[in-house]
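So the structure is just underneath, and the comments pick up after that.
The values are calculated or read from the model by the stated rules, or taken from the named source; none is laboratory data. Everything quoted here is computed from the prediction, not taken from an experiment. A quick note on method: Cβ atoms are made from the backbone with ideal geometry, for glycine too, and the neighbour counts reach across all protein chains shown.
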Amino acid sequence: MSQQYLIPTYARQPVAFVRGEGVWLFDENGDKYMDAISGIAVCNLGHCHPAVSRTLAEQAGQLMHTSNLYRIPAQEALAQRLCEISGMQSAFFSNSGAEANEAAIKIARLFGNRKGVAKPTVLVMEGSFHGRTMATLSATGNSKVQEGFTPLVEGFIRVPFNDVDAIAAHAGNPDVVAILAEPVQGEGGINIPDPGYLQALRQLCDQHDWLLMLDEIQTGNGRTGHYFACMGESVVPDVLTTAKGLGNGFPIGACLVAGKAQGVFGPGTHGSTYGGNPLGCATSLTVVNTLANEVVAGVSAKGEQLKAAFQQALGDVAMVTEVRQKGLMIGIQLDRPCGELVNSAREAGLLINVTAGSVVRLLPPLVISDAEMQTLVDQLSAVIRSFANAQEVA
Ligand SMILES: Cc1ncc(COP(=O)(O)O)c(C=O)c1O
């Protein structure tokens, strides 16, 4: 096989997997790798979770797709379950995270236009990531994602992350209609805001009749130790977007609304051919129920255990400046670019990611066991240690 016929948008690693089970992936030669990135925060229940695979197979044999021209009971059930969990009021289903955010941005525009706002504008954060479509890359706070794609979509103002005053400074701007933020920035480097940040955003939105829109595409579905990260801060946003772990590998996203955003979209304002089809919703309902009933409660303790173990194992490596952690989102901050760690870890049988240049990002399946966590700490610490030693010699 060759990559010749693929548009080369990805710098792929030279490995292909043929089977997965729990936290493990197996390549074409039968070699085994621990997946500490979960397909980028997707396989929160691990690879090929039996209940998820069973639901998917059963639903595939019964009915896959009908379109949103008709009622879809599995879609209604999934919407109800997500709303019961989160305190949101209704859901629109998409096929990806970027599409869920597109729905959010359209809601903000519609909300503003209906209020007679001249140029509805969304406050967005430095260091954020919201997707690769034109509107979501325009909202994204990373110039590399935007490079070459001008003209960008207008209607966004960027402010520093975790800075309430920087947002409050826009209170007098009559064009502002919403704030869009991640509760923890994932692609940006596992940036965790101060406690109370989300509540402060909620308060500003209430004061100024803005929508609070939280991008929980990476932080959602149990990743931070609550089903959605905002629940850990007792915050109910007006718009909550999610995807990734929602399908555990089946492509599905959701834009949930409540409060001021409830009722903004009506018939004809938005749509998707595939979005919320029977196959995706039946599968996702099993994912959501399994996460909520069996998995989420244990995530915070696992994350804290991993953080402590990494701090202990890497405490004497001067190059490691910080270990950041919220649930099972873990960032090991190095004092220099360390992209090559991805290759050396993989050669040692461990799949990791480096983001923001110098942050080792770990997003292991939430079902990771104690013994597997120990393997992760031992293997990764050895890889980081030998990187540090090699750098010192050089
Ligand atoms: C916070 C956040 N928002 C949006 C997206 C885009 O999601 P998708 O790749 O499914 O379009 C991502 C993907 O990494 C993300 O982490």
Worksheet item: Being assigned to a strand (DSSP E or B) and buried (at least 22 other Cβ atoms within 10 Å of the Cβ), is that true of even one residue in region 300-322?
Response: yes
Practice prompt. Please state which one of Gly127, Gly148 is modelled with pLDDT of 95 or more and either more than 15 Å from the ligand (Cβ to nearest atom) or assigned to a helix (DSSP H, G or I) (or both).
Written response: Gly148
Discussion item. List the residue pairs whose Cβ atoms are under 7 Å apart, where the first residue sits in region 346-366 and is assigned by TED's automatic domain parsing to the domain that holds Glu21 and on the phi < 0 side of the Ramachandran plot, the second is among the polar types (S, T, N, Q) and surrounded by 22 or more Cβ atoms within 10 Å (Cβ to Cβ), and the two are 6 or more positions apart or on different chains.
Written reply: Leu363/Ser38; Pro364/Ser38; Pro365/Ser38; Pro365/Asn44; Leu366/Asn44
Worksheet item: Can you tell me which residues in region 191-225 are at negative phi, more than 16 Å from the ligand (Cβ to nearest atom) and not in a helix (DSSP H, G or I)?
Response: Asp194, Pro195, Trp210, Leu211
Item to complete: Report yes if Gly61 is loosely packed, with under 13 Cβ neighbours inside 10 Å, assigned by TED's automatic domain parsing to the domain that holds Trp210 and without any contact (Cβ under 8 Å) to a residue 60 or more places away in the chain, otherwise no.
Response: yes
Fill in: Any hit, region 33-48, residues being at negative phi, crowded, with 20+ Cβ neighbours inside 10 Å and among the small types (Gly, Ala, Ser)
yes
Discussion item. Can you pull out every residue in region 26-49 that is under 14 Å from Gly349 (Cβ atoms) and either out of contact with any strand residue (DSSP E or B) (no Cβ under 9 Å at 6 or more places or on another chain) or among the small types (Gly, Ala, Ser) (or both)?
Written reply: Asn29, Gly30, Asp31, Ala36
Worksheet item: What is the residue count in region 132-145 for residues that are loosely packed, with under 15 Cβ neighbours inside 10 Å and within 11 Å of the ligand (Cβ to nearest atom)?
Response: 1
Discussion item. Out of Gln89, Gln80, I need the residue that is away from the ligand (no atom under 16 Å from the Cβ), surrounded by 15 or more Cβ atoms within 10 Å (Cβ to Cβ) and either within 23 Å of the chain's Cα centre (by Cα) or not assigned by TED's automatic domain parsing to the domain that holds Thr241 (or both). Which one?
Written reply: Gln89
Worksheet entry | Neighbours by Cβ (under 9 Å, 6+ apart or cross-chain): first from region 15-26, part of a loop (DSSP other than H, G, I, E, B); second surrounded by 16 or more Cβ atoms within 10 Å (Cβ to Cβ) and of a type in the set (Lys, Arg) | Val15/Arg346
Fill in: Subset of region 130-145 [over 19 Å from Pro183 (Cβ atoms) and part of a helix (DSSP H, G or I)]
Met134, Ala135, Leu137, Ser138, Ser143, Lys144, Val145
Practice prompt. With the condition kept exactly as written, say whether any residue in region 122-144 is within 20 Å of Asp209 (Cα to Cα) and not β-branched (Val, Ile, Thr).
Written response: yes
Worksheet item: In region 112-131, how many residues are in contact with a Lys or Arg (Cβ under 7 Å, 6 or more places away or on another chain), farther than 19 Å from Gly188 by Cα and crowded, with 22+ Cβ neighbours inside 10 Å?
Response: 0
Item to complete: List the number of the failed condition for Ser96; all other conditions in (1) farther than 20 Å from Ser284 by Cα; (2) of a type in the set (S, T, N, Q); (3) within 13 Å of the ligand (Cβ to nearest atom) hold.
Response: (1)
Discussion item. If I filter region 32-48 for residues that are part of a helix (DSSP H, G or I) and either away from the ligand (no atom under 16 Å from the Cβ) or farther than 18 Å from Thr219 by Cα (or both), do I get at least one hit?
Written reply: no
Worksheet item: For region 34-47, does any single residue satisfy the condition of being in the same structural domain as Arg346 (by TED's automatic domain parsing) and without any contact (Cβ under 8 Å) to a residue 60 or more places away in the chain?
Response: no
Fill in: Identity of the residue in region 151-190, in a helix (DSSP H, G or I) and out of contact with any helix residue (DSSP H, G or I) (no Cβ under 8 Å at 6 or more places or on another chain), that ends up farthest from the ligand (Cβ to nearest atom)
Asp165
